[in-house]
Structure formats: C-alpha cells, structure tokens
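Some notes on the structure that comes next.
The values are calculated or read from the model by the stated rules, or taken from the named source; none is laboratory data. Remember, it's a predicted structure, so these values are computed and weren't measured experimentally. Note that each Cβ is placed from the backbone with ideal geometry, even for glycine, and that neighbours are counted across all protein chains shown. For accessibility, only protein heavy atoms count, side chains too; no ligands or nucleic acids. Shrake-Rupley method; radii C 1.70, N 1.55, O 1.52, S 1.80 Å.
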Amino acid sequence: FDYQAQYDVALAYRNAEKPFVIRNDPSVMEVVRRWDDDPEYLHKKLGDENRIYTERSPKNHFMYYNVRKRKQVRNWRQPENDVVSMSYGEWLERALLREAYALDDPEIKARSDELREKRMTLPNRDEEDIPDDDEIQVDNDRESEKRMKWYYFRLNAFLEEAKGDTVDKFVFDEVAFFDPRNTTASHFYFVEPEDQRGINCRFGMRGIVAENHYDLSRNMIAILGGERRYIIAHPAQCSKMGLYPAQHPSGRHSSFDWSNPSDWDVHPEFRTAEVNEVVLHASDVLYLPTSWFHYISNLSLNYQCNIRSGIGHENADAIRDCGFNPKDKPKDVSEEQ
C-alpha cells in the first residue's frame with residue numbers, strides 16, 4: 001500500500017490483523033535518506049568506541065535460544081551462534097567485506113580495508129569495557145577467524161532510557177515514527193501504544209538467515225536500508241513447520257534448515273505448507289500480526305528496526321492446537337528480526 005494514497009485501506013488491514021506492506025511514508029523515507037543514502041552517517045553517529053550487543057556465528061544461519069531452558073532438554077547442544085560486543089565501525093568493516101566478496105567490488109573492499117586499518121590504530125579494549133551482560137562472550141577470535149564469521153549488530157532502545165547521551169535516545173530520535181510520544185507520526189504503527197516494548201534494530205550482513213519462528217505479539221518491521229526477504233505463513237500452518245516444543249531453548253522455531261531440501265525429508269509435512277514471499281526494500285514497512293511465522297534472509301547489508309504493540313488473539317486456537325499456549329508469554333520474548 002501507498003502510505004499517502006492508501007492509508008485508510010492499510011489501516012483497515014491492520015485493524016483486521018492481516019499482514020501487509022506499506023511504503024512511501026515521508027517519515028520513514030527521511031530516515032532512509034540519512035541511513036542508507038549517506039554511507040557515513042551511522043558511522044559518525046555510532047562511532048568506533050561504543051561496543052554494542054552483536055550476535056556472532058561461524059555460519060550464516062542464526063538460531064534463537066534461551067539458555068535458561070537448557071536443563072529442560074536432555075543432551076541439548078547450543079547453536080553455534082553466540083553474543084559478543086562490537087563497535088558499529090567494526091561491524092561495518094566486516095559487513096562491507098561480505099558485500100565486496102559477493103559483488104566482486106574493489107571499491108567496497110578498499111573501504112573495508114580502510115576501516116580495518118583505522119581500527120588497528122585504536123587502543124585495545126579490555127574486558128572491563130564489555131557491557132555488563134552474562135550472555136556476552138569475550139571475543140578472542142583472531143583477525144583471520146573474524147573475517148570468516150557472520151555478525152548481526154543489534155540496537156535495543158527502551159523509552160525509559162531515551163535520555164541524555166545514550167544509544168536509546170539516538171534510536172528514538174532517529175526512528176521517530178516508532179516513538180509512541182510522537183502520536184502524529186506513530187499512530188499508524190501502534191495498535192496498542194501502551195504496550196510498546198521499545199525499538200529493536202538489527203543491522204544485517206548479506207547472506208545472514210534468521211530461522212523460521214513466530215512471535216508472541218504484533219510486529220511492525222521497517223527496512224531503513226538494503227533489502228530483506230521474508231517468507232511468512234499463517235499460524236494455521238503451525239503443524240507443518242517442524243517446530244521445537246514450547247519448553248525447548250529454541251521453542252517456537254523450526255527445528256530444521258529450510259534452505260536445505262534434504263532436511264525436508266525429515267519433515268515431509270513441510271512440503272505442503274502454504275507460505276508467502278515478499279522482498280522488502282528500503283522504506284518498506286511490514287506488518288505481521290501475532291503468531292505469524294517468518295523466515296528472514298538478508299539480501300544485502302541492511303538496516304531494520306521493529307516495534308511490538310500488544311497481543312492479538314485471533315489465531316490463538318491455531319497455536320494452541322499445535323501444542324503451544326498463547327497465553328504463556330515469557331519475560332524474554334525473542335526479538336530475532
């Protein structure tokens with residue numbers, strides 16, 4: 001839908017809890033102009049010193065897991081992705097390297113090399129500089145190892161922390177159309193603004209895949225640079241998704257690799273699943289109602305931010321019939337986009 005020409009139609013879809021894509025919102029396009037059109041803007045704002053929560057993996061597939069549930073599954077093996085802290089400058093360096101390899105572009109490679117040379121001149125950061133979070137690992141990888149790994153840069157901003165010189169304030173100032181205080185710009189994107197849970201941004205490298213899953217609340221997902229491919233499915237397809245059970249550390253997620261057809265033999269029911277595919281470009285916003293499945297492929301270096309606003313119960317029976325209790329909302333709902 002076109003925000004300026006089809007606003008009322010899109011709002012009717014939102015109120016009916018149907019997924020849709022809307023574009024041409026001037027507020028969104030202004031962020032894209034800053035973030036995507038000016039390659040140095042975010043680097044200048046986020047810099048090379050501030051270390052941020054960043055997911056890391058030796059493979060391009062990322063699987064959510066809750067380590068606190070590990071004792072509930074016998075012989076559980078943690079997925080290969082974990083969490084380190086990294087500056088935006090270092091993440092950009094590595095993301096540009098992936099772009100250069102994929103596009104065979106010497107100019108992008110030169111920019112990545114330039115960022116690496118600059119990083120090598122910065123003072124070494126010790127363990128005391130790592131954010132205070134038990135989940136974050138010390139990054140002891142050698143440079144050669146880092147060049148081969150995949151990184152998913154994350155900015156989680158909370159309204160109560162959006163003050164002073166904080167990343168939270170930066171995100172809320174930048175992505176004003178997702179700020180519930182800005183009622184004019186954000187009205188369309190919040191179904192229940194009183195249930196907002198902050199702005200969650202994910203900056204992805206080309207090739208990264210977030211495994212199929214459903215979330216326990218409504219989701220507005222804005223692409224503010226680059227491209228992402230979403231495969232989505234109605235909650236009624238739950239029995240065909242090969243999900244880990246609710247108490248598994250990766251509960252609500254498909255237990256097999258959608259991109260590997262040989263894995264489909266383990267879950268033949270998946271072959272009859274009904275799905276939709278959409279490629280999102282910069283300034284597109286996707287609405288996913290509660291419990292809709294989504295499998296995400298990062299088609300290029302990209303910037304994505306999303307918000308949650310309450311829970312819809314229109315598909316609760318479909319999720320319940322699949323062995324999950326939609327009323328059991330954990331305190332640490334995943335934010336995998």
Inset, instruction - Just give me the residues in region 36-86 being over 20 Å from Val175 (Cα atoms) and either in contact with a Cys (Cβ under 8 Å, 6 or more places away or on another chain) or acidic (Asp, Glu) (or both), in sequence order. - result: Asp48, Glu49, Glu55, Glu80, Asp82
Legend entry - Of all residues making up region 208-229, the number that are in a strand (DSSP E or B), touching a Leu at 6+ places or on another chain (Cβ under 7 Å) and surrounded by 22 or more Cβ atoms within 10 Å (Cβ to Cβ): 4
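Mind listing just one residue for me: the one in region 158-178 that is of a type in the set (Gly, Ala, Ser) and at pLDDT below 95 and, of those, surrounded by the fewest Cβ atoms within 10 Å (Cβ to Cβ)? If you could, list the steps in order and put the result at the bottom.
Here is the first cut: in region 158-178, the ones of a type in the set (Gly, Ala, Ser) are 162, 164, 176.
Okay, now just the ones that are also at pLDDT below 95, so 162, 164.
Working: Ala162: 19, Gly164: 7.
Per the criteria, the residue is Gly164.
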Inset, instruction - Go through region 313-330 and give me each residue that's open to solvent by 10 Å² or more (accessible area, probe 1.4 Å), on the phi < 0 side of the Ramachandran plot, of a type outside the set (Asp, Glu) and touching a residue at least 24 places away in the same chain (Cβ under 8 Å). - result: Asn315, Ala316, Ala318, Cys322, Phe324, Asn325, Pro326, Lys329, Pro330
Inset, instruction - Only residues that are open to solvent by less than 40 Å² (accessible area, probe 1.4 Å) and either under 20 Å from Glu277 (Cα atoms) or not in a helix (DSSP H, G or I) (or both): list them for region 4-17, please. - result: Ala10, Arg14, Glu17
Inset, instruction - Restricting attention to region 144-165, report how many residues are within 18 Å of Tyr53 (Cβ to Cβ) and of a type in the set (S, T, N, Q). - result: 1
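Look at region 182-227 and say how many of its residues are among the hydroxyl-bearing types (Ser, Thr, Tyr) and either closer than 22 Å to Phe293 by Cβ or in contact with a Ser or Thr (Cβ under 7 Å, 6 or more places away or on another chain) (or both). So that I can check it myself, show each step before the final result.
First, the residues of region 182-227 that are among the hydroxyl-bearing types (Ser, Thr, Tyr): 183-184, 186, 189, 214, 217.
Subset that is either closer than 22 Å to Phe293 by Cβ or in contact with a Ser or Thr (Cβ under 7 Å, 6 or more places away or on another chain) (or both): 189, 214, 217.
Looking only at that region, the number is 3.
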Inset, instruction - Looking for whichever is hydroxyl-bearing (Ser, Thr, Tyr), in contact (Cβ under 8 Å) with a residue 24 or more places away in the chain, open to solvent by 20 Å² or more (accessible area, probe 1.4 Å) and under 19 Å from Arg320 (Cα atoms) here; the options are Ser250, Ser255, Ser259, Ser239. Which one fits? - result: Ser239
Inset, instruction - Considering only region 144-166, state which residues are without any contact (Cβ under 8 Å) to a residue 24 or more places away in the chain, farther than 21 Å from His61 by Cα and not in a loop (DSSP other than H, G, I, E, B). - result: Glu160, Glu161
Legend entry - Filter result for Gly226 (small (Gly, Ala, Ser) and at pLDDT 95 or above): yes
Inset, instruction - Keeping to region 16-38, report how many residues are touching a residue at least 24 places away in the same chain (Cβ under 8 Å) and farther than 13 Å from Leu286 by Cα. - result: 7
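Do you know which of the residues in region 230-253 that are in a helix (DSSP H, G or I) and out of contact with any Phe, Trp or Tyr (no Cβ under 9 Å at 6 or more places or on another chain) is nearest to Leu286 (Cα to Cα)? Give the steps one after another, and end with the answer.
Step one: filter region 230-253 for residues in a helix (DSSP H, G or I), giving 235-240.
Filter again for out of contact with any Phe, Trp or Tyr (no Cβ under 9 Å at 6 or more places or on another chain), leaving 236, 239.
Working: Ala236: 20, Ser239: 24 Å.
Checking each candidate, the answer is Ala236.
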Legend entry - Residue within region 279-296 that is surrounded by fewer than 21 Cβ atoms within 10 Å (Cβ to Cβ), in a loop (DSSP other than H, G, I, E, B) and touching a strand residue (DSSP E or B) at 6+ places or on another chain (Cβ under 7 Å) present: no
